[in-house]
Amino acid sequence: MKYTKISPNFTLEELVKTSKTAFVTENLAIAPNYIPQLKMLANYILEPARALLKTPLIITSGLRCAGLNTAVGGSPKSQHLTGEAADFVPRGIDVKEAFLKIKNSGLISYGQLVLEPGWLHISLGAPYRPLENCLQAFEK
C-alpha cells in the first residue's frame, strides 16, 4: 500500500483508518474531500503535540464518515466528520499526563482537548470552531 504523507510524521491513511471494517471503503472514499482540514490537523495540532510530548502519537480515530461516526457514538456535530479532529494515544506516556502537558503548555491552539477513558481527543480551533469555543479542555 502506498502511504500519502500529509505532514512529517502523519499519513492520510492513518488519519482515515478505522477498525470498523464495514466503514473502511466509505472512509477512504470521502477522504479527498477533507485533505485540507486533515493537513491542518496534522501540521498544526498533531505535530506540535508529538513534539511537546516527545513521543509518537498512535491515531485511533480521525476522519469519520457519517455511518462510522454513528456506529462509534460520535456527536452529530463532531469535527471528526470534517477531518478536523483526531483521537490518539501517546506512546509510552500516561494519557492524563499528556493531557495536562498539552493543556498547560499554551503552545497548541486547539479547539477542544478532551481526556477520554484511555485516549485523548483533540480538534482544530478557529476558524474551524467559533473562537469562543476554542481552547476548551476537559475530562470525561
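Working carefully through the options Lys101, Lys77, find the one that is closer than 17 Å to Phe138 by Cβ and part of a loop (DSSP other than H, G, I, E, B).
Details: Lys101 fails: part of a loop (DSSP other than H, G, I, E, B).
None of the other options fit; the residue is Lys77.
For the subset of region 1-37 comprising residues that are hydroxyl-bearing (Ser, Thr, Tyr) and assigned to a helix (DSSP H, G or I), which member is surrounded by the most Cβ atoms within 10 Å (Cβ to Cβ)?
Tyr34
Give me the residue from region 113-125 that is more than 17 Å from Asn43 (Cα to Cα) and free of Cβ contacts under 8 Å to residues at least 40 places away in the same chain and, out of that set, surrounded by the most Cβ atoms within 10 Å (Cβ to Cβ). Please lay out each step first, then the result.
The initial filter retains those residues of region 113-125 that are more than 17 Å from Asn43 (Cα to Cα), namely 114-120.
Pick out the ones that are also free of Cβ contacts under 8 Å to residues at least 40 places away in the same chain and you get 114-118, 120.
Values: Val114: 18, Leu115: 19, Glu116: 13, Pro117: 7, Gly118: 9, Leu120: 22.
Checking each candidate, the answer is Leu120.
Could you tell me which of the residues Thr11, Thr21 is at pLDDT below 95 and not hydrophobic (A, V, I, L, M, F, W, C)? Can you show your working first?
Numbers: Thr11 fails: at pLDDT below 95.
None of the others qualify; the one that does is Thr21.
Mind telling me which of the residues Phe88, Phe138 ends up being farther than 30 Å from Ala29 by Cα, modelled with pLDDT of 95 or more and either in contact with a strand residue (DSSP E or B) (Cβ under 7 Å, 6 or more places away or on another chain) or among the hydrophobic types (A, V, I, L, M, F, W, C) (or both)? I'd like the intermediate steps shown before the answer.
Values: Phe88 fails: farther than 30 Å from Ala29 by Cα.
Going through Phe88, Phe138 in turn, the sole match is Phe138.
Among the listed residues Thr60, Thr18, Thr70, Thr4, which satisfies the condition of being within 11 Å of the chain's Cα centre (by Cα) and among the hydroxyl-bearing types (Ser, Thr, Tyr)? Show your work before the answer.
Values: Thr18 fails: within 11 Å of the chain's Cα centre (by Cα); Thr70 fails: within 11 Å of the chain's Cα centre (by Cα); Thr4 fails: within 11 Å of the chain's Cα centre (by Cα).
Only one candidate passes the filter, namely Thr60.
With the condition kept exactly as written, say whether any residue in region 38-48 is surrounded by 19 or more Cβ atoms within 10 Å (Cβ to Cβ) and polar (S, T, N, Q).
no
Examine region 75-82 for a residue that is crowded, with 17+ Cβ neighbours inside 10 Å and farther than 25 Å from Pro130 by Cβ, and state whether such a residue exists.
The answer is no; no qualifying residue exists.
With crowded, with 21+ Cβ neighbours inside 10 Å, among the hydroxyl-bearing types (Ser, Thr, Tyr) and either in contact (Cβ under 8 Å) with a residue 40 or more places away in the chain or within 16 Å of Thr11 (Cα to Cα) (or both) as the only criterion, which of Tyr128, Tyr110 stands out? Reasoning before the result, please.
Details: Tyr128 fails: crowded, with 21+ Cβ neighbours inside 10 Å.
None of the other options fit; the residue is Tyr110.
Report whether or not Ile45 is assigned to a strand (DSSP E or B) and either among the acidic types (Asp, Glu) or under 18 Å from Ser7 (Cα atoms) (or both). Show your work before the answer.
Values: assigned to a strand (DSSP E or B): no; either among the acidic types (Asp, Glu) or under 18 Å from Ser7 (Cα atoms) (or both): yes.
Criteria not met by Ile45.
The values are calculated or read from the model by the stated rules, or taken from the named source; none is laboratory data. On a predicted model such as this, the values are computed, not experimentally measured, just so you know. Every residue, glycine among them, receives a Cβ derived from its backbone with ideal geometry; neighbour counts consider all protein chains shown.
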